[in-house]
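J.: The structure's right below; bear with me while I get my questions together.
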Amino acid sequence: MKIAGVIAEYNPFHNGHRYQIEQIKKELSDAPLVVAMSGNFLQRGEPACFDKWTRAGEALQNGADLVVEVPVAACMQPADRFAFGGVNALSSLGVTDLFFGAEHAEYDFKKYAELVADVHGDFKKYDQSYAASFQQAIAQKIGHSVDQPNDLLALSYAKQSLLMKDELELHPVQRIQAGYHDTTFGDNSKIASATAIRTSVASGARSQIDRVVPEATANDLKKSQFVSWNDFWPDLHYLLLSQSVNSLGKIYGMAEGIEYRLKDCAQKMPYDATFDEWIKLVKNKRFTYTRLSRLACSCLLGIKSDEIEAYNENPYVRVLGFNERGRDVLHLAKKRDEIDIFAKVGQDDRKKRLELDYRAGKIYQLKNGCEQDLKRAPLRFY
């Protein structure tokens with residue numbers, strides 16, 4: 001039985017995502033589609049614009065059959081480990097074919113993954129970030145650079161697929177019309193990047209958004225709380241000012257004494273500063289903006305290394321929503337018994353296995369006012 005899978009953020013769900021799902025349905029018309037989606041905090045180091053339930057609902061209304069949450073412990077790790085969280089979840093749920101957006105769909109990502117399976121960057125190059133060093137090492141093996149955001153994630157997915165018991169068949173889908181970092185809408189185009197959509201919402205220029213998002217997302221933009229880093233900046237600013245450097249040093253991802261710089265720059269920020277102003281002051285050659293943003297999330301959520309390791313050693317998924325076809329996939333997955341599947345968060349779960357996800361949900365809830373975990377059952381679209 002063929003089952004299609006996608007790893008996504010949907011921040012928010014837009015017409016480009018709907019186009020991808022349409023391409024999947026054309027290629028595997030009879031296969032159910034499983035989406036492994038980041039929760040309320042994303043791998044690129046930012047809070048999601050809508051909570052995980054809202055975004056899962058948008059996906060289910062636009063072709064997804066089952067949406068599961070990639071736990072926050074996976075989302076706060078570098079691309080390779082995030083890829084493990086997503087690919088492992090999909091493989092354990094029975095997915096056979098992995099689809100992903102790419103700036104260069106013509107690349108043979110499986111071949112590239114085989115070539116760079118053992119490639120690592122050089123931490124000793126203090127005049128550049130680890131990411132830049134890693135990309136240079138990849139280019140030397142492959143013969144050209146692979147430096148576009150979706151291409152890099154695609155390569156990480158391909159590398160993780162090679163490690164799975166049942167290797168996934170890979171299907172790159174060409175990204176069309178809008179680049180990942182584009183901040184404006186093209187003339188009369190019905191596709192725009194998530195970055196452009198978030199920028200327009202933040203600036204109050206919403207007049208063009210309806211033409212680049214499905215109806216479900218347009219409705220959510222009218223009624224749901226739209227969240228950004230600036231909503232959380234006062235909380236992070238207070239935390240950086242109030243915590244000792246020793247305490248900050250215990251946060252997952254701290255390295256090379258960066259905690260001193262985080263705190264020092266926070267102390268220089270005026271009361272009306274923004275998150276972007278702070279992170280631009282923190283930025284140096286060794287740390288990319290994405291890595292610093294993930295560090296900021298880890299600080300905000302109080303994530304410790306042992307919480308990350310606990311997830312890596314014993315991964316799991318949380319069910320966010322499904323329809324009848326998705327329900328059938330879940331039944332088969334439970335018979336396979338390859339990964340722990342949580343449909344609800346009980347009192348014991350929030351104190352043990354799901355404590356970090358529960359904590360992240362409560363912190364996100366401070367900004368949108370919606371309970372994220374306790375007594376939340378999966379969405380059902382029948």
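The values are calculated or read from the model by the stated rules, or taken from the named source; none is laboratory data. A quick note: this is a predicted structure, and the numbers were derived from the prediction, not measured. As a convention, Cβ positions derive from the backbone with ideal geometry for all residues, glycine included, and neighbour counts pool all protein chains shown. Side chains are part of the model used for accessible areas, which takes the heavy atoms of the whole protein and leaves out ligands, DNA and RNA. Shrake-Rupley method; radii C 1.70, N 1.55, O 1.52, S 1.80 Å.
J.: Could you give the accessible area per residue of the range 149-259, probe 1.4 Å, as a whole number in Å²? Please list the in-between numbers first.
T.: Values: 5450 Å² over 111 residues.
With the other protein chains kept in place, the range 149-259 gives 49 Å² per residue.
J.: Shifting gears a bit: Can you work out the FRET efficiency for the pair Asn219 and Tyr289, with r the C-beta to C-beta distance and R0 = 22 Å, to the nearest 0.05? Before the final figure, lay out each step's value.
T.: Numbers: r = 32 Å, r/R0 = 1.45.
That pair, Asn219 with Tyr289, gives E of 0.10.
J.: Straight-line reach from Lys110: which lysines have Cα under 28 Å away, leaving out those fewer than 8 places along the same chain?
T.: Once the sequence-local lysines are set aside, what remains near Lys110 is Lys2, Lys25, Lys26, Lys141, Lys159, Lys165.
J.: How large is the helix-only mean residue ellipticity at 222 nm for the chain, computed as the sum of -39500 (n - 2.57) over DSSP H runs with n ≥ 4, divided by its residue count, in deg cm²/dmol to the nearest 500? Could you put the intermediate results ahead of the total?
T.: Details: 18 runs with 185 residues, N = 382.
So the helix-based figure for the chain works out to -14500 deg cm²/dmol.
J.: Out of Gly249, Gly57, Gly85, any idea which swings most in a Gaussian network model of the chain, alpha carbons joined below 10 Å?
T.: Looking only at Gly249, Gly57, Gly85, the biggest GNM fluctuation is shown by Gly249.
J.: From a point 7 Å beyond the Cα of Asp235 in the direction of its Cβ, which residues of the range 1-29 have a backbone N at a distance under 20 Å?
T.: 11-12
J.: Using 0.36 nm times the number of residues separating Asn314 and Leu332, minus their current alpha carbon distance, what extension gain do you get?
T.: On the way: separation 18, 0.36 × 18 = 6.48 nm, distance 2.04 nm.
Stretched fully, the Asn314-Leu332 segment lengthens by 4.4 nm.
J.: How many lysine pairs in the range 179-296, separated by 8 or more positions in sequence or lying on different chains, have Cα atoms less than 16 Å apart? Provide the component values of the computation, followed by the final result.
T.: Working: Lys250/Lys263; Lys263/Lys280; Lys263/Lys283; Lys268/Lys280; Lys268/Lys283.
Taking the Cα cut-off of 16 Å, the pair count is 5.
J.: Where both residues lie in the chain, what percent of DSSP beta bridges are antiparallel, nearest 5? Show your work: numbers first, answer last.
T.: Working: 8 of 33 bridges.
The answer is about 25 percent antiparallel.
J.: Can you work out the PRE-style zone for Val245? Point 7 Å along Cα to Cβ, and I want the residues of the range 253-289 with backbone N under 12 Å.
T.: Counting backbone N atoms under 12 Å from the label point, the list is 257-265.
J.: How large a share of the accessible area of the chain, in percent, is made up of carbon and sulfur atoms when the probe is 1.4 Å and the other protein chains stay in place?
T.: Accessible surface attributable to carbon and sulfur in the chain totals 48 percent.
J.: Say we join alpha carbon atoms closer than 10 Å with springs in a Gaussian network model of the chain; which of Phe82, Phe226, Phe41 then has the biggest fluctuation?
T.: Checking each option, the largest mean-square fluctuation is seen for Phe226.
J.: Also, I was wondering about something else. Any chance you could run the full-extension gain for Ala117 through Arg211? It's 0.36 nm times the residue separation minus the Cα-Cα distance, nm to one decimal. Before the final figure, lay out the partial values.
T.: Values: separation 94, 0.36 × 94 = 33.84 nm, distance 4.14 nm.
This chain segment gains 29.7 nm when fully extended.
J.: Lys362: which lysines have alpha carbons under 16 Å from its alpha carbon, excluding same-chain residues fewer than 8 sequence positions away?
T.: Lys52, Lys344, Lys351, Lys352, Lys375
J.: Additional query: Within the range 322-350, find all residues whose amide N lies under 16 Å from a label point positioned 7 Å from the Cα of Tyr382 along Cα-to-beta-carbon.
T.: Output list for this probe position: 322-331.
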